[in-house]
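Everything below concerns the one structure shown next.
The values are calculated or read from the model by the stated rules, or taken from the named source; none is laboratory data. Bear in mind the structure is a predicted one, so any value in this text is a computation, not a measurement. All Cβ positions, even for glycine, are placed from backbone atoms using ideal geometry, and neighbour counts span all protein chains on display. Areas reflect the complete protein model, heavy atoms only, side chains present, ligands, DNA and RNA absent. Shrake-Rupley method; radii C 1.70, N 1.55, O 1.52, S 1.80 Å.
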Amino acid sequence: MSLYHRLFDTVLVRTDPEQAHHAAFRAIRAGRPVAARAVTHLARAGDPVPVEAMGLRFPSALGLAAGFDKDAVGVDALAALGFGHVEVGTVTGEPQPGNPRPRLFRLPDDRAVVNRMGFNNEGAEVVARRLAARAGHRPPPPTDGRRPVLGVNVGKTKVVPDDEAVADYQKSTGLLAPWADYLVVNVSSPNTPGLRDLQAVERLEPLLSAVRRRADEVTAHRAARVPLLVKIAPDLSDDDVRAVGDLAVALGLDGVVATNTTTTRDGLTSPAARVEAAGAGGLSGAPLRARALEVLRLLRAQVGDDLALVSVGGITTVADAQERLDAGAALVQGWTAFVYEGPLWPARVAAGLRPGG
Ligand SMILES: Cc1cc2nc3c(=O)[nH]c(=O)nc-3n(C[C@H](O)[C@H](O)[C@H](O)COP(=O)(O)O)c2cc1C
């Protein structure tokens with residue numbers, strides 16, 4: 001058993017999950033100066049294979065999924081652990097505190113997490129200023145397969161009424177797209193009332209078109225358009241997944257991120273009382289694995305070879321991640337396994353991946 005697993009089983013399981021998250025993230029940021037070399041050594045990981053997708057060059061196929069670094073405070077420290085890209089956010093147009101605590105729960109028997117964070121974040125203006133400072137107030141240089149790729153994931157502010165959602169997404173896009181290597185429109189978190197209704201094609205089409213226009217306006221000086229993706233829920237019906245795939249092709253989107261967390265609780269082995277105590281929210285981790293793979297396969301069959309598919313949900317092992325690449329994902333992401341497996345996890349997985357076949 002690794003040191004991290006021992007620490008997890010003895011100390012971390014007794015710590016409030018949100019406090020543990022902040023403590024771990026602080027440690028990651030503090031450890032950044034030594035992380036890259038130490039992690040490669042400790043993980044006994046070789047060099048990962050760089051990947052081309054959406055006109056960008058990624059240091060590896062593995063990235064950190066949205067929701068870990070919501071305010072973009074630790075992109076480079078996280079990348080130093082072995083993530084080839086970090087998707088920051090979800091960032092909303094306005095700052096917001098998120099839902100009352102507790103709002104993050106572990107289900108260790110299932111290697112799963114339930115969260116109803118509710119897009120707690122500092123808002124697009126603050127995050128844009130932070131990213132501008134990180135970039136030295138200059139547009140991002142071309143990705144070269146060495147520097148980490150920065151994804152920015154945007155979502156709707158809770159208090160903004162549904163009929164003003166498009167303007168809210170345009171606000172965050174206008175502020176954040178100039179600093180992003182790629183942009184994701186999140187319409188799939190279960191913790192903002194009404195958000196997932198935006199996945200219906202008749203609402204998604206005008207939203208994505210408006211975000212595309214705004215992103216183009218604020219990045220007109222770039223040689224290439226900033227890649228735009230949409231992130232979808234695993235709880236869509238198969239037909240709805242196909243419909244989003246068709247829309248993504250019709251609108252000339254660059255990719256789809258699949259999937260977000262699920263509101264289902266099927267097939268869990270954790271004690272029912274523990275699942276119930278967690279309450280409402282999105283379930284992530286190992287129980288998502290089968291559906292995330294299924295959604296990837298549905299999308300790949302629907303959209304042909306042009307769109308980049310970013311597969312996320314229940315990836316723990318190199319074999320899990322490789323299975324996604326072999327099923328047609330250009331990139332993979334993880335979140336929950338990083339919590340359960342610890343700081344050496346990204347370097348180990350990234351180094352084990354080979355181009356999909
Ligand atoms: C605590 C927590 C917060 C999350 N916050 C966000 C978020 O703000 N935006 C988003 O698009 N996804 C968010 N996610 C979903 C993850 O990005 C990912 O899609 C999901 O957890 C499935 O991957 P996993 O099984 O590897 O965790 C969050 C997940 C967790 C566990």
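Summary table
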quantity	calculated
Residue, nearest to the ligand (Cβ to nearest atom), within region 262-285, restricted to residues that are open to solvent by less than 40 Å² (accessible area, probe 1.4 Å) and assigned to a helix (DSSP H, G or I)	A278
Conditions (1) modelled with pLDDT of 95 or more; (2) over 19 Å from the mean Cα position of the chain (by Cα); (3) outside any helix (DSSP H, G or I); (4) within 16 Å of the ligand (Cβ to nearest atom); number of the one not met by P193	(1)
Enumeration of residues in region 214-239 that are more than 21 Å from the chain's Cα centre (by Cα), part of a helix (DSSP H, G or I) and either within 13 Å of A200 (Cβ to Cβ) or touching a residue at least 24 places away in the same chain (Cβ under 8 Å) (or both)	R214, E217, V218, D238, D239
Filter result for T219 (closer than 25 Å to G145 by Cβ and either open to solvent by 40 Å² or more (accessible area, probe 1.4 Å) or hydroxyl-bearing (S, T, Y) (or both))	yes
Pick from region 240-261, criterion touching a helix residue (DSSP H, G or I) at 6+ places or on another chain (Cβ under 6 Å) and not in a helix (DSSP H, G or I), ranking: farthest from G55 (Cα to Cα)	T259
Boolean, P161 is open to solvent by 30 Å² or more (accessible area, probe 1.4 Å) and not basic (K, R)	yes
Qualifying residues in region 84-107 (those that are away from the ligand (no atom under 13 Å from the Cβ) and over 13 Å from G281 (Cα atoms)) - the one surrounded by the most Cβ atoms within 10 Å (Cβ to Cβ)	G84
Residue in region 64-76 that is within 11 Å of the ligand (Cβ to nearest atom) and either without any contact (Cβ under 8 Å) to a residue 24 or more places away in the chain or assigned to a strand (DSSP E or B) (or both) present	yes
Test: residue in region 108-115 that is open to solvent by less than 50 Å² (accessible area, probe 1.4 Å), outside any loop (DSSP other than H, G, I, E, B) and more than 15 Å from the ligand (Cβ to nearest atom)	no
Pick from region 228-261, criterion within 16 Å of the ligand (Cβ to nearest atom) and not hydrophobic (A, V, I, L, M, F, W, C), ranking: most open to solvent (accessible area, probe 1.4 Å)	D235
Every residue from region 302-348 that is of a type in the set (S, T, Y), within 10 Å of the ligand (Cβ to nearest atom) and open to solvent by 30 Å² or more (accessible area, probe 1.4 Å)	T316
